[in-house]
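Engineer: Structure incoming, see below.
Derivation of every value follows stated rules applied to the coordinates shown; laboratory data play no part. Note that the structure is a prediction, hence the values are computed from the model and not measured. We place every Cβ from the backbone using ideal geometry, glycine too, and count neighbours over all the protein chains shown.
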Amino acid sequence: MYRLYWAPGTAAMAPQAVLEEIGAPYEAVRLDTAAKEHEAAEYRKLNPNGRIPTLVDGDFVIFETAAICQYLCDRHPEANLAPPAGSPESLMARGRFYQWLTYMTNTVQVGFIDWFHPDWTFSDLDSQAALKAQAEVKLARAFQVLDDGIGGNAFVTGPQFTVCDIYLAMLTRWSRFLAKPAWTWPNIRRVVEASYTRPAFQRMMQKQGIAWAENWPQD
Ligand SMILES: N[C@@H](CCC(=O)N[C@@H](CS)C(=O)NCC(=O)O)C(=O)O
């Protein structure tokens, strides 16, 4: 049985939604971030960065949200949450999948870290404010790139619903505090709507005790 270390509304949203999509049994271990449980020595044995999430699969421990998601896709190919590996026909679909998942984790997610935690980079308030403003500009650029890339596709990478859609839904929820939330971009909004309304994503939110973005426009 899998064990997922999580805290509400964090990057654990994506792997938990993936586990719910797969339907695999898992134990969810909640970390109390206010009590700094994620920084404790015991947890750092699993995740030396002291970050959330971490997945344990028997003796195998894996951290980094995107890596956990990809690992789960590979463990459960029957869930069809990634283009299949190993066939020449799926090579380009797989490449596109790598492209967007990597972009979301190492450009968009990093932008959010600067926005939510400018204090992790600078101690003085002026520098923190400047970093936050810069992060907002970079995030807007990244959302534009994503929106253009999605174009008229049904989902982020093309015709198939993948982990990239779950990841984008998570990032979109985080963007609710920005002056221009991710759903301001129409293609992002369209594909995210198809993701966050899925039963698995809804179950994940219910289990984490979180709501969808309160300011998500209703029309
Ligand atoms: N690159 C890491 C980043 C994980 C990360 O920063 N997680 C946040 C929660 S979203 C965290 O652990 N925060 C700890 C804290 O706020 O002290 C990943 O994707 O797993």
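Engineer: For the pair Arg189/Arg3, report the inter-label distance in nm, with labels modelled 7 Å from Cα in the Cβ direction.
Structural biologist: Result for the modelled spin labels: 4.4 nm.
Engineer: Oh, and also: Quick one: among Asp147, Asp114, Asp165, which has the greatest mean-square fluctuation in a GNM of the chain with alpha-carbon springs under 10 angstrom?
Structural biologist: Asp114
Engineer: What's the Cα-based Rg to Rh of the chain, Rh via Kirkwood?
Structural biologist: 0.96
Engineer: If R0 is 35 Å, what FRET efficiency do you get for Ala179 and Glu89 from their C-beta distance, rounded to 0.05?
Structural biologist: Taking R0 as 35 Å, the efficiency between Ala179 and Glu89 is 0.25.
Engineer: Within the chain, count lysine pairs with alpha carbon atoms under 23 angstrom apart where the residues are 8 or more positions apart or belong to different chains.
Structural biologist: Qualifying lysine pairs in the chain: 4.
Engineer: Could you work out the percent of alpha carbon pairs in the stretch 61-147 separated by over 15 Å, rounded to a whole number?
Structural biologist: Here the long-distance tail beyond 15 Å is 67 percent of all Cα pairs in the stretch 61-147.
Engineer: Just how large is the dipole of the chain about the Cα centre, in debye to the nearest 20, putting +1 at every Lys and Arg Cβ and -1 at every Asp and Glu Cβ?
Structural biologist: 200
Engineer: Please report how far the C-alpha centroid of the stretch 56-98 lies from that of the stretch 155-189, rounded to the nearest whole angstrom.
Structural biologist: The distance from the Cα centre of the stretch 56-98 to that of the stretch 155-189 comes to 20 Å.
Engineer: Pulled fully out, how much extra length does the chain show between Ala28 and Asp219, if you take 0.36 nm times their separation in residues and subtract their Cα-Cα distance?
Structural biologist: Length gained, Ala28 through Asp219: 65.2 nm.
Engineer: Loop-only check: which trypsin sites (Lys or Arg not before Pro) in the stretch 1-77 are DSSP coil with at most 15 other Cβ within 10 angstrom?
Structural biologist: Passing both the DSSP loop test and the Cβ count: Lys36, Lys45.
Engineer: What's the extension gain from Asn153 to Arg75 if we count 0.36 nm per residue and subtract their Cα-Cα distance?
Structural biologist: Gain in length upon complete extension: 25.4 nm.
Engineer: Now for a separate question. In units of 2.2 N^0.38 Å, what is the alpha-carbon radius of gyration of the stretch 2-79?
Structural biologist: Cα-based Rg divided by the globular estimate yields 1.03.
Engineer: Further question: Helix-only mean residue ellipticity at 222 nm, the chain, DSSP H runs n ≥ 4 weighted -39,500 (n - 2.57), per residue, nearest 500. What is it?
Structural biologist: -15000 deg cm²/dmol
Engineer: Using Cα springs under 10 Å in a Gaussian network model of the chain, which residue among Gln206, Gln70, Gln144 shows the largest mean-square fluctuation?
Structural biologist: In this elastic network of the chain, the residue with the biggest mean-square fluctuation among Gln206, Gln70, Gln144 is Gln206.
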